[in-house]
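This report refers to the structure that appears directly beneath it.
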Amino acid sequence: MVSGDSAMRRVLVFAYPLRWRFVGAGVLAAGTEAAGLGLMAAATWLLATAAGQPPLIALSIAIVLVRALAIGRGVLRYVERLASHDAVLRMVTEVRARIFAALIDRPPARRADALSRMVSDVDAVQDLVIRVLLPMAAAGLVAVAAVGTALLADPATALVLLAGLLVTGVALPLLAARLARHGSARLAPLRAAYAVDTVDLVHGAADLAAFGARPEYEARGAAHADELARVERALARRSFAVDAAATAFGGVTAMAVMITAMSRGLPGVWLAVLAVATLAAGELALSLLAAARKGAEIQGSLRRVAELLGGSATGAAGGLPVPDGSVHLRLRGAGVRYRADAPPALHDIDLDLPPGRRVAVVGPSGAGKSTLLALLTGAIAPDNGSVVADGTPITAYDRERWPVAVTGLLADAHLFHASVRDNLLLARPGATDDELAAACRTAGLGDWVDAHGLDVRVGEDGAELSGGQRQRLALARAVLADPQVLLLDEPTEGLDPAQADAVLAAVLAHRGDRSVVLVTHRLTGLDAFDEVLVLDGGRVRERGTQGWVRAHGG
């Protein structure tokens with residue numbers, strides 16, 4: 001687990017190239033607050049002095065100063081917002097790109113968790129600068145200036161002001177941060193559960209309705225929402241109490257400053273200026289309460305972002321170039337365990353895949369077939385054993401290029417809410433219409449494409465297609481990509497046996513002498529494969545040709 005301070009340092013590394021932009025934004029923020037404080041003090045001095053009816057010339061400088069500060073405060077605030085948001089958005093763009101790359105590099109997580117990391121967690125980086133660091137820096141600079149100005153008038157009065165600001169600007173924000181951390185610890189699991197409920201209800205609406213489970217899921221989501229609201233109300237009451245204490249103590253500080261100034265014999269004009277300036281400084285200190293709360297609330301998000309930014313990937317961008325042509329893949333004693341308390345998903349797997357070799361992997365659900373494909377793509381790293389290509393661990397290759405060289409139709413392939421053409425062009429952007437049509441024919445989708453064309457839209461995740469059409473379109477995209485090693489995870493799912501055998505034969509003919517790894521439940525139609533592996537419980541139970549495996553009870 002990354003500590004809060006370490007997480008902040010790891011995130012702020014991305015601010016270093018923009019440091020002068022942030023410094024400028026901080027100066028503008030401090031100038032804005034100083035202009036507001038100066039405006040209150042100058043206006044109070046002007047009113048108090050004007051009460052004595054001095055010559056107008058004696059007030060002219062104060063009049064000009066009040067106007068200048070009033071205009072300057074608005075201008076400075078506007079420019080500060082432009083500068084700070086420009087710098088932060090530049091920084092967040094880089095962070096978001098790095099987070100996206102890190103998520104691609106890792107095994108798939110639940111959609112709600114991935115969405116949280118991409119949206120709310122990265123937004124916390126923006127809040128760190130805009131709502132935490134800049135307000136704290138501005139308030140600190142202005143507080144120093146206010147105490148320094150009071151020191152010029154009277155040291156004793158300045159000490160009273162300093163004591164009051166330490167309470168409202170340091171002690172109470174620390175208390176607010178502590179309460180916020182406690183609240184975040186209670187809210188985080190509730191919000192996570194509510195987010196998961198929402199995603200499950202949206203993405204699983206059809207299945208929930210079909211099995212009559214929607215009321216149960218809705219009730220569970222409502223229960224989480226009610227508990228979340230109850231906890232938020234309790235925390236809001238505590239926050240209100242701290243805010244009220246800060247406001248009350250600001251008034252007490254102003255009164256103490258006035259009493260001290262009167263006892264020191266300061267002029268009446270200075271009494272008014274110090275009282276109003278103290279109240280204004282107290283209001284500024286209140287902004288630190290919000291900054292402290294926000295800083296505590298986003299610690300969890302910052303830690304998750306820092307873990308992704310600093311986490312080790314399965315390979316290195318900019319590593320060895322992927323060899324041109326075919327590669328020779330080998331697994332030696334490869335094993336994968338997703339959790340320490342769970343049995344291994346794969347155990348002691350050996351696989352030799354020279355160029356042109358065709359291997360079928362057969363087994364029931366949960367046997368480890370998809371995990372084996374994930375090992376070959378580099379999506380996960382083995383906990384023991386090795387995965388090498390041409391004698392080199394695949395983690396040494398460029399992680400952005402390796403998944404392009406070893407890929408295909410993997411589990412839950414996504415179809416975009418776009419046309420058939422657009423979905424296919426993801427695999428090869430420069431492909432011609434003839435090449436797209438040829439890939440569709442290889443996948444057994446030629447007649448459908450001839451009838452409907454390449455520009456027909458497929459709906460969200462292929463919702464406008466039948467299950468078999470959806471699978472064949474995803475297969476056509478994999479065929480069009482023409483990787484060095486083609487991986488196929490249940491490519492003929494949804495097809496009858498005759499269609500499945502015809503499609504598989506067409507794909508193998510298209511591949512020629514390039515390697516293929518097929519994952520399937522069916523131990524039929526595999527005569528063209530050099531080797532069949534039977535997986536069960538993450539272990540190889542049988543291996544050989546289809547005829548040998550069937551003869552030995554595979």
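Of everything listed in (1) farther than 30 Å from residue 400 by Cβ; (2) of a type outside the set (A, V, I, L, M); (3) in contact (Cβ under 8 Å) with a residue 40 or more places away in the chain, the single unmet condition for residue 67 is (3). Taking the range 172-226, which residues are of a type in the set (A, V, I, L, M), touching a residue at least 12 places away in the same chain (Cβ under 8 Å), over 23 Å from residue 121 (Cβ atoms) and surrounded by 15 or more Cβ atoms within 10 Å (Cβ to Cβ)? Within the range 172-226, 172, 175 qualify.
The set of residues from the range 512-548 being buried (at least 17 other Cβ atoms within 10 Å of the Cβ), without any contact (Cβ under 8 Å) to a residue 60 or more places away in the chain and over 17 Å from residue 346 (Cα atoms) comprises just one member, 525. Within the range 290-313, identify whether any single residue is acidic (Asp, Glu) and modelled with pLDDT of 80 or more, and answer yes or no. Within the range 290-313, one or more residues are acidic (Asp, Glu) and modelled with pLDDT of 80 or more.
Scan 481, 509, 451 and give me the residue that is farther than 21 Å from residue 361 by Cα and loosely packed, with under 14 Cβ neighbours inside 10 Å.
451
The set of residues in the range 486-525 being under 11 Å from residue 409 (Cβ atoms) and of a type in the set (D, E, K, R) consists of 489, 490, 493. Among the conditions (1) out of contact with any strand residue (DSSP E or B) (no Cβ under 6 Å at 6 or more places or on another chain); (2) in contact (Cβ under 8 Å) with a residue 40 or more places away in the chain; (3) β-branched (Val, Ile, Thr), residue 492 misses just one, which is (2). Here residue 388 meets each of (1) among the aliphatic types (A, V, I, L, M); (2) buried (at least 21 other Cβ atoms within 10 Å of the Cβ); (3) within 17 Å of residue 351 (Cα to Cα) with one exception, condition (2).
Against the numbered list (1) touching an Asp or Glu at 6+ places or on another chain (Cβ under 8 Å); (2) of a type in the set (A, V, I, L, M, F, W, C); (3) without any contact (Cβ under 8 Å) to a residue 40 or more places away in the chain, residue 166 comes up short only at (1). Being without any contact (Cβ under 8 Å) to a residue 40 or more places away in the chain, over 21 Å from residue 371 (Cβ atoms) and in a helix (DSSP H, G or I) is a property that residue 504 has. Within the range 507-554, no residue satisfies the criterion of being part of a loop (DSSP other than H, G, I, E, B), under 22 Å from residue 483 (Cβ atoms) and β-branched (Val, Ile, Thr).
Quick one: which residue in 229, 244, 236 is over 28 Å from the mean Cα position of the chain (by Cα), surrounded by fewer than 12 Cβ atoms within 10 Å (Cβ to Cβ) and in a helix (DSSP H, G or I)? Write out each step before concluding.
Values: 229 fails: over 28 Å from the mean Cα position of the chain (by Cα); 236 fails: over 28 Å from the mean Cα position of the chain (by Cα).
Every option except 244 fails the conditions.
Evaluating residue 489 against the criteria (1) under 28 Å from residue 354 (Cα atoms); (2) loosely packed, with under 15 Cβ neighbours inside 10 Å; (3) among the acidic types (Asp, Glu) leaves one unmet condition, (2). Quick check on residue 411: is it in a loop (DSSP other than H, G, I, E, B) and assigned by TED's automatic domain parsing to the domain that holds residue 486? Yes; evaluated as a whole, the condition is true for this residue. Under the condition of being more than 49 Å from the chain's Cα centre (by Cα), assigned to a helix (DSSP H, G or I) and exposed (fewer than 15 other Cβ atoms within 10 Å of the Cβ), the residues counted in the range 48-83 number 8. The set of residues in the range 406-447 being buried (at least 19 other Cβ atoms within 10 Å of the Cβ), over 27 Å from the mean Cα position of the chain (by Cα) and touching a residue at least 60 places away in the same chain (Cβ under 8 Å) consists of 442, 443, 444. Considering only the range 334-376, how many residues are more than 13 Å from residue 489 (Cα to Cα) and hydroxyl-bearing (Ser, Thr, Tyr)? Number satisfying all stated conditions: 1.
Among the criteria (1) modelled with pLDDT under 80; (2) farther than 22 Å from residue 288 by Cβ; (3) of a type in the set (S, T, N, Q), the one residue 184 does not fulfil is (2).
The condition of being over 42 Å from the mean Cα position of the chain (by Cα) and among the acidic types (Asp, Glu) holds for only one of 496, 513, 530, 482, that being 530.
Out of the range 168-205, which residues are farther than 30 Å from residue 252 by Cβ and over 28 Å from the mean Cα position of the chain (by Cα)? Break it down stepwise before answering.
Quick first cut of the range 168-205, residues farther than 30 Å from residue 252 by Cβ only: 184-205.
Of everything in the range 168-205, nothing turns out to be farther than 30 Å from residue 252 by Cβ and over 28 Å from the mean Cα position of the chain (by Cα).
Please verify whether residue 254 is closer than 30 Å to residue 51 by Cβ, in contact (Cβ under 8 Å) with a residue 24 or more places away in the chain and assigned by TED's automatic domain parsing to the domain that holds residue 203, treating the condition exactly as stated. Here the answer is yes, as residue 254 does meet what is asked.
The values are calculated or read from the model by the stated rules, or taken from the named source; none is laboratory data. The structure presented is a predicted model; accordingly, all values stated were derived computationally and were not measured. Note that each Cβ is placed from the backbone with ideal geometry, even for glycine, and that neighbours are counted across all protein chains shown.
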